[in-house]
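The next block holds one structure in the form of structure tokens; read it before the comments.
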Amino acid sequence: MNIHLKALGCRLNEAELESWALEFQQAGHQLVTNAQDADVTVVNTCAVTKEAVRKSRKLINRLRRESPYGKLVVSGCAVSTGEAGSATELGIDLLIDNSKKNQLVKNVTDSLPISIMPEGATLPAESALFARNRQRAFIKIQDGCRYRCSYCIVTIARGEEQSRSIKDIIDEVNRLHREGVEEIVLTGVHVGGYGSDIQSNLTELVTEILASTEIPRVRFASVEPWDLGEGFFTLFENQRLMPHMHLPLQSGSDFILRRMARRCRTDDFESLVKQARNQVKNFNVTTDIIVGFPGETDQHWSESIEFIEKIGFGHIHVFSYSPRAGTKAAGMQDQIAESVKKQRSAELRTLADQMRKDFITAQLDTTGLVLWEGNHTLRSPGEQPKPHVFGYTENYTRVRTEAREAPNGGGITSCRLTSVEPGGKFADAQICN
Ligand code: SF4
């Protein structure tokens, strides 16, 4: 789902918004900056004065107008005091008072009947995994895809592969670097297909970017797990290429992968991951899984879970299958009941949470270079609110450290990962002197 978040009032309201943002992202949803693009808009209201209530109601009205078909969720003090307005009058789909705020993300995902499905590839502004901010920018390197995965509408909507020239991309990287960006994320519909139309390839592009720019970090967004070419992982010998790839598996059952018309079976995926892990230290593999694809029996689901456990992922985006008109999969027999998708998604999310915790735990007592991205009150259940700054290591492990401002005025700092926060979502880090 695309989620748009808005808060009025105090710092606490802002902090809550930040933690919902993180939870929504970790549950596989995307944050969008405009209500028009949102499936769900969440407003955290304020009731400290009559004026604050008036502003809250005005904002609710405006967001309802801007997103007439999206769901509208309202929480915060004006809900608890009963001043947010009647749900029917304002077109609010869900009211959540302050006492249930901690469960807001769960309530939204459980009670609003919206299925989620990936568009098929990570595109600029569509990434659930990477936040765009002052330090990080997305570079679109190509568009289109020559494949026809049976659930994917993107390829139908975007047509054949078209790559940008290497020079164009390098000019953009250099410009962004001059403007203060420290990390670029290479994105496209089928990143691995880069160059197919201009007699080039992804390896050549990355080699040129590393040679002709001084951007400190280069990262891949979502890359389909094929078309990567011989010797691809040797690129990571250059430590400016971050040791993390989001490789969408989509299912761990070969039967389902065939029905999806994917170009990668479980054996291929396993050997790709092995290659990455053998060649690159601390390599983080994250993935997407579509739950409840037509024809997915309990047997296929168990196979899939078994394979996912065998590989182990630093993060999994769990998507519930929903048919897209115009795709082959939409017309397939044996569509799966929503209740089954929901139960399987919950099972996989629990497994994914455990895997992320294991992945972070395995890195404790090691050091990483952290790019600091923001400061806010990141709080685990039961913890006292304290100011933290947060950021990501090279392999995209999220870390926090207790401070009001990013160390050394932001930028990249060496840190030791000391513990996993109780929720298992990020590591606590100590800055190395
Ligand atoms: S590889 Fe498949 S899922 Fe990815 S863009 Fe192409 S058709 Fe869509």
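The values are calculated or read from the model by the stated rules, or taken from the named source; none is laboratory data. Quick caveat: nothing in here was measured; it's all calculated off a predicted structure. Backbone-built Cβ (ideal geometry, glycine too); neighbour counts: all protein chains shown.
Some notes on this structure:
- Of all residues in the stretch 257-275 being touching a residue at least 40 places away in the same chain (Cβ under 8 Å) and among the aliphatic types (A, V, I, L, M), the one that is surrounded by the most Cβ atoms within 10 Å (Cβ to Cβ): Met260
- Top-ranked residue in the stretch 241-275 [being among the small types (Gly, Ala, Ser) and not in a helix (DSSP H, G or I); ranked as nearest to the chain's Cα centre (by Cα)]: Ser251
- The stretch 137-235 holds helices (runs of 4 or more DSSP H) entirely within its bounds, and those carrying 1 or more residues that are among the aliphatic types (A, V, I, L, M) and within 16 Å of the ligand (Cβ to nearest atom) map to 154-158, 202-212.
- Odd one out for His315 among (1) modelled with pLDDT of 95 or more; (2) more than 16 Å from the ligand (Cβ to nearest atom): (1)
- Single match in Lys310, Lys341 (criterion: surrounded by fewer than 18 Cβ atoms within 10 Å (Cβ to Cβ) and either away from the ligand (no atom under 16 Å from the Cβ) or part of a strand (DSSP E or B) (or both)): Lys310
- Scanning the stretch 160-174 for residues that are closer than 14 Å to Tyr194 by Cα and of a type in the set (A, V, I, L, M) gives Ile166, Ile169.
- Hey, Phe319 closer than 30 Å to Gly159 by Cβ and touching a strand residue (DSSP E or B) at 6+ places or on another chain (Cβ under 8 Å) or not: yes
- Qualifying residue in the stretch 291-305 (condition: within 16 Å of the ligand (Cβ to nearest atom), closer than 25 Å to Lys328 by Cβ and part of a helix (DSSP H, G or I)): no
- Residues that are in contact (Cβ under 8 Å) with a residue 60 or more places away in the chain and either among the β-branched types (Val, Ile, Thr) or assigned to a helix (DSSP H, G or I) (or both) within the stretch 276-286 comprise just one, Thr286.
- Here the helices (runs of 4 or more DSSP H) wholly within the stretch 1-112 that include at least 2 residues being in contact (Cβ under 8 Å) with a residue 24 or more places away in the chain and surrounded by 15 or more Cβ atoms within 10 Å (Cβ to Cβ) are 11-26, 50-66, 77-80, 104-111.
- Number of positions in the stretch 187-204 that are without any contact (Cβ under 8 Å) to a residue 12 or more places away in the chain and surrounded by 19 or more Cβ atoms within 10 Å (Cβ to Cβ): 0
- Selection of the stretch 175-229 for residues being aliphatic (A, V, I, L, M) and in contact with a His (Cβ under 9 Å, 6 or more places away or on another chain) yields Ile184, Ile215, Ala221, Val223.
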